[in-house]
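A.B. asks: Below are the structure tokens for one structure; questions will follow.
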Amino acid sequence: MEVSFSKEIELLRLGEGDSFHGEGILAITKALLQAGVSYVGGYQGAPVSHLLDVMVQAKPLMDELGVHVEACSNEASAAAMLGASLHYPMRGAVTWKSIVGTNVAADALSNLSSPGVVGGALIVVGEDYGEGASVIQERTHAYALKSTMCLLDPRPDLEVMTRMVEKGFELSEASNMPAILELRIRACHVRGSFKTRNNRAPALSTRSLMNDPAGFDYMRLAHPPVTFRHEKLKSEARIPAARRFIVEHGLNELKPGQHQDLGIVVQGGLYNALLRSLQQLGLADALGNSAIPLLVLNVTYPLVPQQVADFCRGKRGVIVVEEGQPEYIEQDIATQLRRLDIQTPLHGKDWLPQGGEYSVEVLTTGLSAFVDRYLPGQSAATQQWMKANRERREAVAQVLQQPLPARPPGFCIGCPERPVFSALKLTQQELGPVHIAADIGCHAFGTFEPFSMGHSILGYGMSLASRAGVSPMMQRRTLAIMGDGGFWHNGLLTGVQSALFNGDDAVLLIFKNGYTSATGTQDIISTPGELAKQAASDKQQSLAHTNQTIESTLKGLGVQWMRTVHSYEVEQMRQTLKEAFTSPFNGLKVIVAEGECQLERQRRIKPWIASLLKRGERVVRVKYGVDEDVCTGDHACIRLSGCPTLTLKDNPDPLKVDPVATVIDGCVGCGLCGANAHAATLCPSFYRAEVIQHPRWHERLWTRLRRSFIQALQPA
Ligand code: SF4
Ligand code: SF4
């Protein structure tokens, strides 16, 4: 990965009484070091990638402290890493994107939670829910409930968030339950300050090794018959211990308010949005003081029945502000109140939406109903605000006449994956449509226009496995698409191994771009080494064939039909796909589409080109263009490419109405335009130009001669 986190790493070195200013997720990273964590692992994914990326780059600091950092191959291996805290009094933290990562980690989490931990185990999950989320809309809460793990949902304030890291470890140790710290997207990116403390070198670490392993203890294994005892321990000892700790350390916050006969129970993570909404309702001031008493749940599981009962008792009405479905907290509170025969009316999902992000506007709509019932007349000012919002939207829509065009995300300019979809489009035009099992990764952009390819996405690295039930029923062969990130995450075992074992007649296309690009271009085992990158930069070459780990792994497993094609070679890719779909070979056929992630390539070569120019050395840059006199205006090239820098402009010929294609600034000269024109025999309007900076003397001379010759041919 070419991104440098040197500034962030400096923040991790802050000491006692210093002030940290920055993003929530970096504050959490710093808090882990302050809490004396011994080991950290995880699998990258927004919105928590930063935690692991920074720690991986902060190796010298981690070595000083004796903290081990592991970039795990997937979330299951990260969760299994917490096994270190089963026997040893070591604090460990792992991180991933939820819900998808928690799904992958579920088996190890069950096996960890059953025996329980002695060292604090903290799982920092990015709760990718609501606006901007990129995964299935489900809640991590379900896993905390089913495996009996504490669930922390801290108020998005850096002081609170960092305190909850420290307390999360202590809570885990006091209750023997692993603890999940869930951070919504906005909490990860919230900016603020907190007073730092010195980093704490852990007692057991890479610099302070254990002499002997722990003694054998069958209770530490998730095996029968002790699993039956574990289940009893969860309810008889661990949950009560967690509840005691939550109360004794004041983890949940009680905020008083003048309307003592009402109450709001809120997940800590929603506190800021709730306060803003109460302001709109005239029920909170600019300093965040609420007129309605609040119970802020920084720990959403387990709830403390006595605390909830004390808060609700004697009130005219209480509303639970809980995002996502189902309403686990509301149901839990309702049960507790019923058991204690407390008759306080309880509201929540009756007035707030079942699903979706609780933005300030959504919250205000739901809370208005609560306020109208219990504080009649109070929401009048809010109705004005909501009406003004509606009117503003309508006014904007009128000015625009028609809705703004959708701007779905797409491949980067020059992405090596786009040409493969062009080739696949051409192949299907010839052979007919094929069932395409898509996957997680940048290549999922192939599901958008102009490609619209992919029948299913069943999980990261699951494409080959997900076609297993389809391909035996289909006349034409099916195609599974997978990235190199997905291949190592899961695809090798769930897909390739299974297809080989069952002798499946399947086609697998692996995008080998060298990184897990979609999660932030982190390195993987098949990432080219630094020396290879340097050599490629020096010679302005691609990184193709410099790391053969995927190919040798596939060969070692017994794959007999394998082709490697440079991804920008559209015609060769088309031929290879055709061969794979029509070959008499009845078994797994693998096409490796090799082409370095353009984002990483540009990060690598831009500084290098800048250094060449600074030294006055010759630099050649390739640009593509469209000859507007030749362009027929049928736009077949655009339908085959989708590159944002290949677009339209008015036809300069007054006798033609169709706009012509044009290549705008930003073209990185990947060559796809030319390759597509050749493979699809399009109109010959594309030209390739070489822009030479600091040319050699003979190149200047040639240019002058050429110019003079052309001028001589032109009429005066
Ligand atoms: S990050 Fe890399 S692989 Fe992903 S779309 Fe951009 S260029 Fe393509
Ligand atoms: S050559 Fe074509 S596809 Fe490649 S970056 Fe330029 S305009 Fe886009």
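The values are calculated or read from the model by the stated rules, or taken from the named source; none is laboratory data. Predicted, not measured: the structure shown is a model, and the values here were computed from it. Cβ coordinates were reconstructed from backbone atoms using ideal geometry, including for glycine residues, and neighbour counts include every protein chain displayed. These area figures cover heavy atoms from the full protein model, side chains too; ligands, DNA and RNA do not enter into them. Shrake-Rupley method; radii C 1.70, N 1.55, O 1.52, S 1.80 Å.
A.B. asks: Being surrounded by fewer than 24 Cβ atoms within 10 Å (Cβ to Cβ), touching a Cys at 6+ places or on another chain (Cβ under 9 Å) and not β-branched (Val, Ile, Thr) narrows it down to one of Ala80, Ala71, so name that one.
C.D. replies: None of the others qualify; the one that does is Ala80.
A.B. asks: I'd like to check something: does region 99-120 contain any residue that is among the hydroxyl-bearing types (Ser, Thr, Tyr), open to solvent by less than 40 Å² (accessible area, probe 1.4 Å), out of contact with any His (no Cβ under 7 Å at 6 or more places or on another chain) and assigned to a loop (DSSP other than H, G, I, E, B)?
C.D. replies: no
A.B. asks: Within the set of pairs 6+ apart or on separate chains, which have a first residue in region 596-609 that is more than 20 Å from His443 (Cβ to Cβ), a second that is open to solvent by 20 Å² or more (accessible area, probe 1.4 Å) and near ligand 1 (Cβ under 8 Å from one of its atoms), and C-beta atoms under 7 Å apart?
C.D. replies: none
A.B. asks: Yes or no: region 134-156 includes at least one residue that is open to solvent by less than 20 Å² (accessible area, probe 1.4 Å) and over 30 Å from Arg191 (Cβ atoms).
C.D. replies: yes
A.B. asks: Need pairs with beta-carbon distance below 9 Å; first residue within 24 Å of Arg200 (Cα to Cα) and within region 84-113, second of a type in the set (Lys, Arg) and open to solvent by 10 Å² or more (accessible area, probe 1.4 Å); sequence gap 6+ or separate chains.
C.D. replies: From residues that are within 24 Å of Arg200 (Cα to Cα), the pairs are Ser85/Arg91; Leu86/Arg220; His87/Arg220.
A.B. asks: Could you tell me whether any residue of region 587-608 is assigned to a loop (DSSP other than H, G, I, E, B), more than 16 Å from ligand 2 (Cβ to nearest atom) and over 28 Å from the mean Cα position of the chain (by Cα)?
C.D. replies: The answer is yes, given that some residue of region 587-608 is assigned to a loop (DSSP other than H, G, I, E, B), more than 16 Å from ligand 2 (Cβ to nearest atom) and over 28 Å from the mean Cα position of the chain (by Cα).
A.B. asks: Being open to solvent by 30 Å² or more (accessible area, probe 1.4 Å), part of a strand (DSSP E or B) and not basic (Lys, Arg) is the filter here; which residues of region 548-563 pass it?
C.D. replies: Passing the criteria: only Met562.
A.B. asks: On to the next question. Could you identify the single residue in Ala499, Ala423, Ala437, Ala465 that is crowded, with 20+ Cβ neighbours inside 10 Å and within 16 Å of ligand 2 (Cβ to nearest atom)?
C.D. replies: Only one candidate qualifies: Ala423.
A.B. asks: List the residue pairs whose Cβ atoms are under 7 Å apart, where the first residue sits in region 622-635 and is at positive phi and within 14 Å of ligand 2 (Cβ to nearest atom), the second is hydrophobic (A, V, I, L, M, F, W, C) and open to solvent by less than 40 Å² (accessible area, probe 1.4 Å), and the two are 6 or more positions apart or on different chains.
C.D. replies: His635/Ala661
A.B. asks: Please count how many residues of region 309-329 are touching a strand residue (DSSP E or B) at 6+ places or on another chain (Cβ under 8 Å), under 30 Å from Ile136 (Cβ atoms) and open to solvent by less than 30 Å² (accessible area, probe 1.4 Å).
C.D. replies: Here the count works out to 6.
A.B. asks: Moving to a separate point now. Determine the pairs where a residue that is on the phi < 0 side of the Ramachandran plot, located within region 397-414, has a partner that is among the basic types (Lys, Arg) and within 16 Å of ligand 1 (Cβ to nearest atom) with Cβ atoms under 7 Å apart, the partner being 6 or more residues away or on another chain.
C.D. replies: From residues that are on the phi < 0 side of the Ramachandran plot, the pairs are Phe411/Arg418.
A.B. asks: Further question: Listed residues Thr427, Thr335; which is touching a Phe, Trp or Tyr at 6+ places or on another chain (Cβ under 8 Å) and polar (S, T, N, Q)?
C.D. replies: Exactly one residue qualifies, and that residue is Thr427.
A.B. asks: Of all residues in region 471-489 being hydrophobic (A, V, I, L, M, F, W, C) and within 16 Å of ligand 1 (Cβ to nearest atom), which is surrounded by the fewest Cβ atoms within 10 Å (Cβ to Cβ)?
C.D. replies: Ranking the candidates gives Trp488 first.
A.B. asks: Here is a further query. Which residue is most open to solvent (accessible area, probe 1.4 Å), if the candidates are limited to region 400-419 and must be at pLDDT 85 or above and out of contact with any Leu (no Cβ under 7 Å at 6 or more places or on another chain)?
C.D. replies: Pro409
A.B. asks: Still on this structure, please answer the following. Restricting attention to region 490-510, does a residue exist that is away from ligand 1 (no atom under 15 Å from the Cβ), within 22 Å of the chain's Cα centre (by Cα), at pLDDT 95 or above and of a type in the set (Gly, Ala, Ser)?
C.D. replies: yes
A.B. asks: If I filter region 73-89 for residues that are farther than 26 Å from Tyr129 by Cα, of a type outside the set (A, V, I, L, M, F, W, C) and in contact with a Lys or Arg (Cβ under 8 Å, 6 or more places away or on another chain), do I get at least one hit?
C.D. replies: yes
A.B. asks: Oh, and also: Where the second residue is more than 16 Å from ligand 2 (Cβ to nearest atom) and part of a strand (DSSP E or B) and the first is without any contact (Cβ under 8 Å) to a residue 60 or more places away in the chain and lies in region 424-446, which pairs have Cβ atoms under 6 Å and are six or more apart or on separate chains?
C.D. replies: Final answer for the pair search is Ile436/Leu479; Ala437/Ser456; Ala437/Ala480; Ala438/Ile457; Ala438/Ile481; Asp439/Ile481; Asp439/Met482.
A.B. asks: Taking region 674-715 on its own, how many of its residues are within 30 Å of Ala636 (Cβ to Cβ) and in contact (Cβ under 8 Å) with a residue 24 or more places away in the chain?
C.D. replies: Number satisfying all stated conditions: 17.
A.B. asks: Okay, next question. Checking the structure you have, find out if any residue of region 517-536 is open to solvent by less than 10 Å² (accessible area, probe 1.4 Å) and of a type in the set (A, V, I, L, M).
C.D. replies: yes
A.B. asks: Here is a check on your reading of the model: is Thr576 more than 26 Å from Leu500 (Cα to Cα), away from ligand 2 (no atom under 16 Å from the Cβ) and crowded, with 20+ Cβ neighbours inside 10 Å?
C.D. replies: Judged against the criteria, Thr576 is not a match.
A.B. asks: Here is a follow-up. Could you say whether any residue in region 207-215 is surrounded by 13 or more Cβ atoms within 10 Å (Cβ to Cβ) and touching a His at 6+ places or on another chain (Cβ under 9 Å)?
C.D. replies: Looking through region 207-215, none of the residues is surrounded by 13 or more Cβ atoms within 10 Å (Cβ to Cβ) and touching a His at 6+ places or on another chain (Cβ under 9 Å).
A.B. asks: Suppose we filter His545, His566 for residues that are open to solvent by 10 Å² or more (accessible area, probe 1.4 Å) and within 16 Å of ligand 2 (Cβ to nearest atom); which single one remains?
C.D. replies: His566 is the lone residue from the list that is open to solvent by 10 Å² or more (accessible area, probe 1.4 Å) and within 16 Å of ligand 2 (Cβ to nearest atom).
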